[in-house]
Amino acid sequence: MSVKIFDTHAHYDDEAFDEDREELIKAVHEAGVCKIVDIACSMETSKKMPEFINDYDFMYGTVGVHPDDIYNLTDSDMDELKELSKNEKIIAIGEIGLDYHYDDIDKELQKKWFEVQLELARELKLPISIHSRDAAKDTLDIMKALHGEDIGGVMHCFGYGVEVAKQYLDMGYYIGVGGVVTFKNGRKLKEVVEYAPLDRIVIETDCPYLSPVPFRGKRNDSGNLTYVVEEIARLKGVDVDEVYEVTYANAHKMYRI
Ligand code: NI
């Protein structure tokens with residue numbers, strides 16, 4: 001069969017692609033990457049997103065501010081995100097969430113802007129792409145308190161165990177699986193993939209980051225998703241074709257396109 005891939009989380013606007021962006025995106029598209037969602041992570045990348053994705057008819061985008069970039073955010077920035085989201089190819093709010101990995105960003109401020117952007121997604125009726133690292137409890141507390149089950153979306157680059165996965169699956173969320181599933185030390189994610197129903201898994205690169213084995217440490221791109229699909233198929237004991245087909249359909253359902 002001809003392979004069809006939906007990369008649900010990429011950062012092709014990153015400077016790591018400045019040298020060869022156009023040729024690379026054309027090449028991965030021809031190799032079977034039928035759709036890509038480019039994910040914003042700051043006000044700056046959000047503002048540029050409509051124009052960036054306009055160059056590629058198979059590319060969609062998001063607007064939103066990553067927890068690393070919340071300093072200096074204002075209410076008028078939220079008005080601007082709302083305005084930007086009116087573009088029909090902006091299909092989600094993200095990536096938003098909590099990141100406690102480095103101790104340098106005020107946790108209360110992170111929570112505040114996560115909550116504000118959750119409410120923005122609810123108002124706009126758009127799904128969310130959640131970034132959550134070393135913040136399992138607080139993320140879940142907010143999602144429960146604010147009825148995240150009414151918003152929908154994906155736990156991008158899922159980094160927690162089966163117990164936490166179950167909670168998000170119960171709320172109707174999809175599990176984002178990328179290169180980490182191929183890592184030798186990716187046992188936790190492998191267990192989550194074994195546990196989660198295939199029809200609730202979406203694939204993502206997070207490129208330029210998180211290249212799968214055998215390219216770990218190198219610049220990532222959507223073409224490498226074949227390695228992620230192979231590992232998911234192995235863990236679930238199904239055919240690679242089934243993984244391609246089901247995750248492709250899942251991504252459309254998740255992003256409502
Ligand atoms: Ni990302």
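The values are calculated or read from the model by the stated rules, or taken from the named source; none is laboratory data. Predicted, not measured: the structure shown is a model, and the values here were computed from it. Counting neighbours? That spans all protein chains shown, and the Cβs are built from the backbone with ideal geometry, glycine included.
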Quiz item: Which condition number in (1) in contact (Cβ under 8 Å) with a residue 24 or more places away in the chain; (2) more than 21 Å from Pro67 (Cβ to Cβ); (3) part of a loop (DSSP other than H, G, I, E, B) is the one that Gly217 fails?
Solution: (1)
Quiz item: Does Val193 meet the test of being part of a helix (DSSP H, G or I), farther than 28 Å from Ile90 by Cα and touching a strand residue (DSSP E or B) at 6+ places or on another chain (Cβ under 8 Å)?
Solution: yes
Practice problem: Check off (1) surrounded by fewer than 22 Cβ atoms within 10 Å (Cβ to Cβ); (2) at positive phi for Asp138 and give me the number that stays unchecked. | Solution: (2)
Quiz prompt | Lone qualifier among Gly186, Gly176, Gly161, Gly152 - being in contact with a strand residue (DSSP E or B) (Cβ under 8 Å, 6 or more places away or on another chain) and surrounded by fewer than 22 Cβ atoms within 10 Å (Cβ to Cβ) | solution = Gly152
Exercise. Determine if region 223-245 includes at least one residue that is in a loop (DSSP other than H, G, I, E, B), in contact (Cβ under 8 Å) with a residue 24 or more places away in the chain and under 18 Å from Val28 (Cβ atoms).
Key: no
Quiz prompt | Leading residue by the ranking (farthest from the ligand (Cβ to nearest atom)) among those in region 191-236 that are closer than 19 Å to Val154 by Cβ and basic (Lys, Arg) | solution = Lys236
Exercise. Take Tyr248 and decide whether it is modelled with pLDDT of 95 or more, surrounded by 21 or more Cβ atoms within 10 Å (Cβ to Cβ) and either of a type outside the set (Lys, Arg) or assigned to a loop (DSSP other than H, G, I, E, B) (or both).
Key: no
Self-check item: Test for Phe114: is it aromatic (Phe, Trp, Tyr) and under 18 Å from Glu204 (Cβ atoms)
Solution: no
Quiz item: Which ranges mark the helices (runs of 4 or more DSSP H) fully within region 40-147 that have 2 or more residues being within 16 Å of the ligand (Cβ to nearest atom), closer than 21 Å to Tyr168 by Cβ and at pLDDT 95 or above?
Solution: 107-124
Practice problem: Kindly check whether there is at least one residue in region 98-106 that is surrounded by 20 or more Cβ atoms within 10 Å (Cβ to Cβ), touching a residue at least 40 places away in the same chain (Cβ under 8 Å) and either farther than 30 Å from Val229 by Cα or of a type in the set (A, V, I, L, M, F, W, C) (or both). | Solution: yes
